[in-house]
Amino acid sequence: MCLILFAYRVHPDYPLIMAANRDEFYKRPTALAAFWEDHPTVLAGRDLEKGGTWMGVTRTGRFAAITNYRAPGYDRLDAKSRGFLVSNYLTGSSKPKEYLEKVQQDHKLYNGFNLLVGDTESLYYYSPILNKISIVPPGVHGLSNAVLDTPWPKVKKGIEKLTQAISNKIIDESLLLSILSDSEEAPEEELPDTGIGKDWEKLLSPIFIQSSTYGTRASTILTIDNDHHIVFNEKSLLPDLRQWKQSRFTFFVED
């Protein structure tokens with residue numbers, strides 16, 4: 001993922017409302033969101049190049065999502081795929097904090113990342129840049145390619161739009177997806193300087209990214225309500241056809 005917006009324990013009926021965009025090169029092979037044949041409790045898309053995923057949820061109410069940390073010049077070619085940090089949690093049984101303690105020990109095996117892991121009881125965040133495991137406080141949050149709640153233009157705009165969207169008692173999934181489709185570039189004076197040059201900073205500044213080779217590949221809504229009813233609604237780009245396919249899954253958390 002390159003942008004995760006989420007409201008945690010803010011809405012009276014929904015402990016979690018998450019809206020996220022996965023940005024990736026169009027040529028990278030990807031499986032659409034589905035329950036995995038080798039792990040039938042896991043619902044997620046899948047990176048067919050390495051085998052991990054960027055965001056997912058399980059029938060038992062475990063969920064996780066990851067973004068890369070933008071640090072050009074520091075990435076290692078021999079690093080393990082960061083997608084395994086999500087899939088290993090979803091296919092495992094460790095509690096969120098316990099899992100992140102293991103990730104903290106092994107974080108040097110991966111290039112920079114931000115990782116959210118949770119269940120129906122708690123939500124935790126970890127980034128090697130801070131090297132601190134944190135319980136996520138109630139609120140509306142945004143996570144892109146810097147640490148949690150860094151006020152990049154897309155993060156600030158996304159938080160504002162999500163806050164407004166969840167002010168109603170009924171959650172409108174189409175409205176949440178429309179937030180993720182905002183392709184307006186940020187003003188040049190507001191762009192961060194992460195070492196990739198102004199042209200790339202501008203191209204990557206919208207909530208929804210599009211170019212000839214790289215862009216938003218999936219937009220995903222995940223909600224969990226007080227009755228532990230889960231909705232996973234995802235729009236995925238079929239790069240070869242340049243068409244979008246939408247899939248929606250609903251189920252109750254199993255004990």
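We did not get these values from a lab; they are worked out from the coordinates using the rules stated. Treat the numbers as computed from the prediction; the structure is a model and nothing was measured. Methodologically, a virtual Cβ is constructed for each residue, glycine included, from the backbone with ideal geometry; neighbour enumeration extends over all protein chains shown.
Based on other C-beta atoms within 10 Å, arrange Val231, Val147, Val57, Val42 from fewest to most.
Taking fewest neighbouring Cβ atoms as first place, the list is Val147, Val231, Val42, Val57.
If you look at just the Cα atoms of segment 139-255, how large are its Rg and its Dmax in Å?
Every Cα atom of segment 139-255 included, Rg and Dmax give 16.0, 50 Å.
Among Phe232, Phe25, Phe84, which one moves the most in a GNM of the chain with springs linking Cα atoms closer than 10 Å?
Of Phe232, Phe25, Phe84, the Gaussian network model singles out Phe25 as fluctuating most.
What list of ³J(HN,Hα) values in whole Hz, one per residue of segment 150-161 in order, does the Karplus curve 6.51 cos²θ - 1.76 cosθ + 1.60 (θ = phi - 60°) give from phi, with Gly and Pro shown as x?
Values per residue, Gly and Pro as x: 5, x, 5, x, 5, 5, 4, 4, x, 4, 4, 5 Hz.
For Lys102, go through the lysines and keep the ones whose alpha-carbon is under 27 Å away, minus same-chain ones fewer than eight residues off.
Filter leaves Lys50, Lys80, Lys132.
Tell me which residues come under 5 Å, amide H to amide H, from Tyr69 once H is placed; ignore anything under 5 positions away on its chain.
Gly112, Phe113, Asn114
I need the trypsin sites (Lys or Arg not before Pro) found in segment 102-186, filtered to DSSP loop residues with at most 13 other beta carbons within 10 Å of theirs.
Listed in order of number, the matching sites are Lys169.
Tell me the GluC sites (Glu not before Pro) within segment 100-204 that lie in a loop according to DSSP and have at most 13 other beta-carbon atoms within 10 Å.
Glu121, Glu184
With a 10 Å cut-off between alpha carbons and a GNM built on the chain, which of Ser127, Ser205, Ser167 moves the most?
Of Ser127, Ser205, Ser167, the Gaussian network model singles out Ser167 as fluctuating most.
Using Cα positions and a limit of under 18 Å, work out the lysines in reach of Lys156, with same-chain residues fewer than 8 apart set aside.
Reachable lysines: Lys202.
Which of the lysines could a cross-linker bridge to Lys161, judged by Cα under 16 Å and excluding same-chain residues fewer than eight apart?
Lys169
Considering only Arg22, Arg46, Arg76, give the residue with the highest GNM mean-square fluctuation for the chain, with springs between Cα atoms whenever their separation is below 10 Å.
Comparing Arg22, Arg46, Arg76 in the GNM, the peak value goes to Arg76.
Looking at [x] 16.9, 50; [y] 20.6, 65; [z] 17.9, 55, which value of Rg and Dmax of the Cα atoms in Å comes from a calculation on the structure shown?
[x]
Would you mind ranking Ile196, Ile221 so that the residue whose beta carbon has the fewest other beta carbons within 10 Å leads the list?
Listing Ile196, Ile221 from fewest to most nearby Cβ atoms yields Ile196, Ile221.
Using every pair of alpha-carbon atoms in segment 1-144, split the distances into 10 Å bins beginning at 0 and state the percent of pairs per bin, rounded to integers.
11, 44, 37, 8, 0
Under the Karplus relation 6.51 cos²θ - 1.76 cosθ + 1.60, θ = phi - 60°, what is the ordered set of whole-Hz ³J(HN,Hα) values for segment 60-65, x standing for Gly and Pro?
9, x, 7, 8, 7, 7
What list do you get for Val253, Val155 if you sort them by fewest beta carbons within 10 Å?
Val253, Val155
Please report the antiparallel percentage of the DSSP beta bridges confined to the chain, to the nearest 5.
Counting only bridges with both partners in the chain, antiparallel ones make up about 100 percent.
For segment 209-255 and segment 1-75, write down the distance between their C-alpha centroids in whole Å.
9
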